[in-house]
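Read the structure below first, then the notes.
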Amino acid sequence: MPRHVSSTVKYNSAKSLVPNLQVQCAVVKLILDRKTEKALDILSSFYKIIPPDIRVGTIKGKRKTVYAVYVPKERRIYALNSDIFYNPFIILHEYYHHLRSQGTEHRGSEGHADNFARQFLNSYLSFFEAGHSVTQARAHRQSKLFQTREK
């Protein structure tokens, strides 16, 4: 059953394809804070679509090759384990596939999904780096934030 979504997100402009910088940062922070469903609700509110279901688990044929997968027929993201469930790069990458399946203007390649996720992470990192030392920022940048989608 789909979660209900409030429409509290502000748009950059009428033709905006991504949320503003503050929303992008908030989405990444929510995922890192283990509030992945709330992050997906915010994104889905922005795009005016039903949020995908998300669960820890795998599907046949993908168990040994990827950390997560989006299944359009089910409108569901499967994350291999709880670490992946809270990995912003992977979750945003899979969310991009959900967007694509909902008939949005986004293009559907793996590269486009990676770029979508990177845009959010770069926004978050620019905010993070502004308030931390160079050493802390470098360590954060090299952390699991940029873990790829494949094993």
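Any idea which residue in region 54-95 is surrounded by the most Cβ atoms within 10 Å (Cβ to Cβ), counting only those that are at pLDDT 90 or above and of a type in the set (Val, Ile, Thr)? Per the stated criteria, the residue is ILE91.
Checking each residue in region 96-151 for being at pLDDT 60 or above, over 12 Å from VAL28 (Cβ atoms), of a type in the set (Ser, Thr, Tyr) and assigned to a helix (DSSP H, G or I) picks out TYR96, SER101.
The values are calculated or read from the model by the stated rules, or taken from the named source; none is laboratory data. These figures come from a predicted structure and were not determined experimentally. Here Cβ is always computed from backbone atoms with ideal geometry, including for glycine, and neighbour counts include all displayed protein chains.
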